[in-house]
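Novice: There's a structure below that I have some questions on.
The values are calculated or read from the model by the stated rules, or taken from the named source; none is laboratory data. The structure displayed is predicted, hence computed values, not measured ones. Note that each Cβ is placed from the backbone with ideal geometry, even for glycine, and that neighbours are counted across all protein chains shown. Heads up: the accessible areas ignore ligands, DNA and RNA and are worked out on the full protein's heavy atoms, side chains in. Shrake-Rupley method; radii C 1.70, N 1.55, O 1.52, S 1.80 Å.
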Amino acid sequence: ANDAAISSYASYVIGNYHAVYDVRLNIQRINFAENIILVAMDGEIFTQYALWLRATYEKSKVHIMPVGCANGMVGYIPDAESLNQGGYEPERSITLFGIPEKFSRSIEAQIKNGISTILEDSAVPVS
């Protein structure tokens, strides 16, 4: 570990301990072709979200593909189980992105809700 980076991060967190920290994840729907939809997010999303998309919309005639690191990078975007397991992406990488604490376990439900809303609130239905 880089001691200067850890020291700098610790100073940042201590100086901003009173702040409520929100990370805004932008989710975009891109109708790539008649039967292909890209769901783009500005974070590196975990595979479990792609598996959820496939299972949720498997009867759809539209292929839905998640795309990470689109229009920026807010960090790794874990699911609830990955947060329980810990490890590099959900815990140790947050310092690289200036995030003072790991994500809440509610992140998975919030992201799935956002994706569902974007897919269903459109002139081109997912059916």
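Novice: Would you be able to tell me the number of residues in segment 27-59 that are surrounded by fewer than 16 Cβ atoms within 10 Å (Cβ to Cβ) and assigned to a loop (DSSP other than H, G, I, E, B)?
Specialist: Residues in segment 27-59 being surrounded by fewer than 16 Cβ atoms within 10 Å (Cβ to Cβ) and assigned to a loop (DSSP other than H, G, I, E, B): 4 in total.
Novice: Right, here's the next one. Determine, yes or no, whether I107 is in contact (Cβ under 8 Å) with a residue 60 or more places away in the chain and at negative phi.
Specialist: Against the criterion (in contact (Cβ under 8 Å) with a residue 60 or more places away in the chain and at negative phi), I107 does not qualify.
Novice: Same structure again: In this structure, does S116 turn out to be over 30 Å from A5 (Cα atoms), assigned to a loop (DSSP other than H, G, I, E, B) and open to solvent by less than 70 Å² (accessible area, probe 1.4 Å)?
Specialist: Judged against the criteria, S116 is not a match.
Novice: Identify the single condition in (1) surrounded by fewer than 14 Cβ atoms within 10 Å (Cβ to Cβ); (2) assigned to a loop (DSSP other than H, G, I, E, B) that K102 does not satisfy, given that it satisfies every other one.
Specialist: Against the list (1) surrounded by fewer than 14 Cβ atoms within 10 Å (Cβ to Cβ); (2) assigned to a loop (DSSP other than H, G, I, E, B), K102 comes up short only on (1).
Novice: Which of the residues belonging to segment 60-90 are open to solvent by 80 Å² or more (accessible area, probe 1.4 Å) and either assigned to a loop (DSSP other than H, G, I, E, B) or of a type outside the set (A, V, I, L, M) (or both)?
Specialist: Across segment 60-90, the qualifying residues are K61, H63, N71, E81, N84, Q85, Y88.
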